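Okay, structure first, notes after.
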Amino acid sequence: MNRCFLYFLLFLSPVFLQAQTVLKTSDFKHYIDGFNQNDKEYYHNFISNSDSWAFLSQNIPLLDCPDKDIERTYYFRWWTYRKHIKKTPEGYVITEFLPNVPWAGKYNTISCPAALHFYEGRWLRDDTYLNNYSVFWFRKGGDPRLYSFWAADAIYNQYLVSGNPATIKQLLPDLINNYSAWENDKQDANGLFWQIDDRDGMEVSVCGSGYRPTINSYMYGDAVAISRMAGQEGNYEIAEIYRKKAGEIKAKVEEQLWDDVAKFFKVKSRDANSGVCDALELQGYTPWYFNMPDKGYSSAWKYLIDTSYFKAPYGPTTVVRNHPGFKLSYRGHECQWNGPSWPYATSVTLTAMANLLNNYSQSVVVRSDYYELLKIYASSQQLKTDNGKLVPWIDENLNPLTGDWISRTRLSTWEKGTWANDKGGVERGKDYNHSTFCDLVISGLIGLRPSEGNRLIINPLLPEGKWDYFCLDKILYHGKEITILYDKYGTRYHKGKGFMVWINGKRVASAKTPGKMTISSIST
């Protein structure tokens with residue numbers, strides 16, 4: 001069947017027919033046209049550049065806001081994400097790199113960023129792609145433990161958006177078996193999980209391998225997710241077992257990986273006589289990605305907003321700038337986690353920060369800190385071409401002081417016969433799918449907080465008075481059409497003044513200014 005005809009059928013589906021959108025889809029086509037015009041399409045998977053607008057116009061939530069860096073980057077990241085949707089004989093998968101890389105698994109898949117693929121892609125209207133991807137990892141030849149991968153948490157969080165429990169019901173036994181395999185391979189007698197830094201996707205890190213906040217947070221998140229999935233299925237025995245596992249990991253992390261002097265979660269060597277590493281690494285914020293720490297640990301966030309530590313002009317550094325191990329090296333391995341800013345780490349940290357601002361009582365960071373970091377993240381996703389033109393760009397790792405894409409610069413110097421001479425060559429990391437951005441706007445800045453049951457929770461992290469208007473439209477959530485908008489003067493969208501939430505074209509809540517709203521039932 002012709003793909004364009006499929007899009008036509010999708011447009012005529014009941015969900016689209018009942019939608020009464022505020023924004024006009026065609027008003028944002030210029031972004032996609034511009035991205036296509038500036039692009040050298042070395043590779044393409046299921047959806048080529050020429051088909052990108054037809055796909056995106058029917059699948060993504062629309063964003064309108066006065067900050068054009070954030071707005072442009074939002075559409076750019078959806079444009080790059082669809083490049084990685086790959087159709088295989090066994091269904092759709094999502095890739096990390098567009099060219100084939102030798103360290104990948106079947107169909108060029110890599111488990112390292114896979115959870116972020118779910119967090120980002122869960123906002124696509126058609127959930128076929130992620131449903132296929134979920135099954136691939138456990139029943140179609142995927143290798144979910146090649147790298148660290150919080151699979152159960154990711155699949156569960158996709159369900160929190162779709163509201164369709166079919167995939168988690170189907171894969172719950174596989175997710176339990178996967179968890180057990182991690183326990184057999186990576187959990188020591190002290191109750192902590194260990195990982196090699198490279199297998200965490202964080203090679204050449206300052207603190208190296210051992211009991212890392214990352215892998216232990218991931219296993220906590222998966223245990224919580226499995227517990228909740230089992231509870232939904234009425235298997236309360238499994239739910240309780242995994243609830244206890246999560247509690248035990250939490251206690252061990254707080255007891256053994258927290259440096260009470262520095263007030264930070266750190267790596268600890270597997271050597272029984274060692275203490276925690278002396279370096280503060282950005283991965284120390286990962287526990288909040290899963291809402292794991294108690295409220296007494298929030299003081300760690302002071303380092304994120306301090307230029308003596310993590311804060312830098314083009315994104316947070318992966319180790320604090322005042323540590324002797326901090327490097328911005330253009331020698332040795334091209335992918336180092338000992339100083340450069342990584343979009344992967346930035347997106348994990350921003351998700352964790354959104355959780356902190358939503359779910360904790362603290363005064364260390366505020367909404368303007370989230371906005372500033374998101375703004376820096378958006379602005380850093382660009383490249384000056386050889387002819388001096390500035391274009392949207394996402395790649396592997398950044399020089400946090402200059403904005404240079406380090407791996408790309410390194411690859412351009414490699415000798416004949418290496419990546420520099422392959423198809424695409426220096427552009428190995430072009431359109432790199434190793435982080436989130438759109439999810440940070442939707443669930444963080446605009447504040448649609450996916451939750452269980454029939455509730456709709458909105459809690460924008462936009463600082464008070466920052467924008468006079470914004471609209472997030474065409475959001476498919478639990479099978480309903482959601483629109484979230486703010487119009488200070490009522491002249492932008494002509495729906496009245498103030499902050500409003502609409503479900504299937506019906507206004508269900510309003511306030512004078514953006515703030516937390518909880519709609520107890522989204523049935524209309």
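The values are calculated or read from the model by the stated rules, or taken from the named source; none is laboratory data. Note that the structure is a prediction, hence the values are computed from the model and not measured. All Cβ positions, even for glycine, are placed from backbone atoms using ideal geometry, and neighbour counts span all protein chains on display.
Candidates K250, K266, K311: the one that is in contact with a Cys (Cβ under 7 Å, 6 or more places away or on another chain) and without any contact (Cβ under 8 Å) to a residue 60 or more places away in the chain is K266. Of the residues that make up region 288-298, is at least one surrounded by fewer than 21 Cβ atoms within 10 Å (Cβ to Cβ), in a helix (DSSP H, G or I), in contact (Cβ under 8 Å) with a residue 60 or more places away in the chain and more than 21 Å from the chain's Cα centre (by Cα)? Among the residues of region 288-298, at least one is surrounded by fewer than 21 Cβ atoms within 10 Å (Cβ to Cβ), in a helix (DSSP H, G or I), in contact (Cβ under 8 Å) with a residue 60 or more places away in the chain and more than 21 Å from the chain's Cα centre (by Cα), which makes the answer yes.
Of the residues making up region 233-262, those that are more than 16 Å from R212 (Cα to Cα) and part of a loop (DSSP other than H, G, I, E, B) are E233, G234, N235, D260, V261, A262. Residues in region 491-508 that are closer than 14 Å to I519 by Cα, in contact with a strand residue (DSSP E or B) (Cβ under 8 Å, 6 or more places away or on another chain) and among the charged types (D, E, K, R): 1 in all.
Could you check, for region 264-287, whether at least one of its residues is in contact with a helix residue (DSSP H, G or I) (Cβ under 9 Å, 6 or more places away or on another chain), over 22 Å from K311 (Cα atoms), among the small types (G, A, S) and not in a helix (DSSP H, G or I)?
At the first step, the residues of region 264-287 found to be in contact with a helix residue (DSSP H, G or I) (Cβ under 9 Å, 6 or more places away or on another chain) are 264-268, 276, 280-287.
When the remaining residues are screened for being over 22 Å from K311 (Cα atoms), the result is 268, 276.
Now restrict to residues that are among the small types (G, A, S): none.
No, that holds for no residue.
Examine region 465-478 for a residue that is farther than 21 Å from S368 by Cβ, surrounded by fewer than 19 Cβ atoms within 10 Å (Cβ to Cβ) and not aromatic (F, W, Y), and state whether such a residue exists. The answer is no, given that none of the residues of region 465-478 is farther than 21 Å from S368 by Cβ, surrounded by fewer than 19 Cβ atoms within 10 Å (Cβ to Cβ) and not aromatic (F, W, Y).
Scanning region 55-101 for residues that are charged (D, E, K, R), part of a helix (DSSP H, G or I) and either touching a Phe, Trp or Tyr at 6+ places or on another chain (Cβ under 9 Å) or crowded, with 22+ Cβ neighbours inside 10 Å (or both) turns up E71, R72, R77, R82, K83. Collect the residues in region 373-390 that are outside any loop (DSSP other than H, G, I, E, B) and surrounded by fewer than 15 Cβ atoms within 10 Å (Cβ to Cβ), keeping them in residue-number order. Listed by number, the residues that qualify are K384, L390. Checked against the criterion of being more than 23 Å from F290 (Cβ to Cβ), touching a Lys or Arg at 6+ places or on another chain (Cβ under 6 Å) and surrounded by 22 or more Cβ atoms within 10 Å (Cβ to Cβ), region 339-360 has at least one qualifying residue.
Could you pull out the residue among D174, D153 that is among the acidic types (D, E), touching a residue at least 12 places away in the same chain (Cβ under 8 Å), more than 19 Å from G247 (Cα to Cα) and not in a loop (DSSP other than H, G, I, E, B)? Break it down stepwise before answering.
On the way: D153 fails: more than 19 Å from G247 (Cα to Cα).
Within the list D174, D153, the selection yields D174.
Would you say N132 is over 30 Å from G332 (Cα atoms), in contact (Cβ under 8 Å) with a residue 12 or more places away in the chain and part of a helix (DSSP H, G or I)?
Details: over 30 Å from G332 (Cα atoms): yes; in contact (Cβ under 8 Å) with a residue 12 or more places away in the chain: yes; part of a helix (DSSP H, G or I): yes.
Yes.
N184 is checked against (1) in contact (Cβ under 8 Å) with a residue 12 or more places away in the chain; (2) within 27 Å of P113 (Cβ to Cβ) and fails just one. What number does that condition carry? The one condition N184 does not meet is (1).
Of the set (1) under 30 Å from D198 (Cβ atoms); (2) crowded, with 22+ Cβ neighbours inside 10 Å; (3) not acidic (D, E), all apply to A104 but (2).
Figure legend. Inter-residue proximity from region 18-41: first residues under 13 Å from F76 (Cβ atoms) and in a helix (DSSP H, G or I), second residues polar (S, T, N, Q) and at pLDDT 95 or above, beta-carbon distance below 6 Å, spacing 6+ or different chains. Indicated pairs: I32/S52; N36/N49. Scanning region 42-52 turns up no residue that is assigned to a loop (DSSP other than H, G, I, E, B) and within 21 Å of the chain's Cα centre (by Cα).
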